[in-house]
Structures are given as C-alpha cells and as structure tokens.
Amino acid sequence: MYTGDYFLSNLFRAPHKCWNPIKPALIRIGSMPDYDSLYKSEYPKEFAECDKLAHNRMIMGSFRYGLIARQSLIYYNPANECIKRINRYLDDGNLEHLVDACNMIKLAFYRGKKFLGQKMFSVDDSEHAQPIL
C-alpha cells in the first residue's frame, strides 16, 4: 500500500500480486543514487575486463575464421556452444570458458536478429538468480 511516504513501494506491483512489496523502511524518497552513479557502480572493472578479453578473442577469431559479417552463422548454433562452455567452466573453473560463453551469447544474439529475424521482447518471467547458501 503506497502511502506517498516511500519511493516506488508499489508502483511496479504486478496485477496478480506475485511480487513482494518493497519494505518501506529500506527505500525512502531521495535515497536512490542518480543514473550516472548507478551506471558506474553496476558495471565493475571486472566486467570491463571480461568484455575486453571477449572482444580480443573475437578479433583473433576473425583471423582464423573470417569476419563475422561474412560468415554464414545460420549453420551454427551459438546458444548450444555457450552451454557447452559453461559446462566446461563448471567442470574446471577456468574463466576462459566464461569469456568464450560470453562471445557465444553475443553471436547468438547477432544470429537471431540478422539471420532468423527474431525480436527482443522485455518480459519478467519471475525467475531470478538464487543465492548460494
């Protein structure tokens, strides 16, 4: 129940009320950082490092396999390749596999838009990451 005293406590409440209401004591008007602060804080330097490594691997891949724009990605399934690399990471803990999985996700997105005509629809499937206890 939004009383006007607290910031967005029920503004985004789903019609079927599957979300828990925000606890009013936690978020007050003016307590949220501005967009620029969030933009910097929610992208740690480790994310930038991963992006740089992934990009460098894509550049090296262009020497081996050719430019992405000239490849027929329709014959590949990068989403399945991503799953393989994540499973390898789970087996041995090598972060290189996550960098490769990141590139596979990018290729799957590119392939879906360019070759398969897929569209992006923002949805909340109510499925969120669970903490490790």
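Of all residue pairs spaced 6 or more apart or on separate chains, those with beta-carbon atoms under 6 Å, a first member in the stretch 36-65 that is within 19 Å of residue 102 (Cα to Cα) and a second member that is among the β-branched types (Val, Ile, Thr) are 53/99; 54/99. If the condition is being in a helix (DSSP H, G or I), exposed (fewer than 10 other Cβ atoms within 10 Å of the Cβ) and modelled with pLDDT under 95, then the stretch 61-92 contributes 63, 64, 69, 70, 75.
Contact map, the stretch 99-113: first residue at pLDDT 90 or above, second residue of a type in the set (Ser, Thr, Tyr), Cβ cut-off under 8 Å, separation 6 or more or different chains; pairs are 101/89; 107/76. Within the stretch 30-60, the set of residues being surrounded by 10 or more Cβ atoms within 10 Å (Cβ to Cβ) and aromatic (Phe, Trp, Tyr) comprises 39, 43, 47. Out of all the residues in the stretch 93-110, is one or more surrounded by 10 or more Cβ atoms within 10 Å (Cβ to Cβ), part of a helix (DSSP H, G or I), in contact with a Phe, Trp or Tyr (Cβ under 6 Å, 6 or more places away or on another chain) and not aromatic (Phe, Trp, Tyr)? Looking for residues that are surrounded by 10 or more Cβ atoms within 10 Å (Cβ to Cβ), part of a helix (DSSP H, G or I), in contact with a Phe, Trp or Tyr (Cβ under 6 Å, 6 or more places away or on another chain) and not aromatic (Phe, Trp, Tyr), one finds at least one in the stretch 93-110, hence yes.
The values are calculated or read from the model by the stated rules, or taken from the named source; none is laboratory data. This is a predicted model, so every value here is computed, not measured. For neighbour counting, all protein chains shown are included, and Cβ atoms are generated from backbone atoms with ideal geometry for every residue, glycine included.
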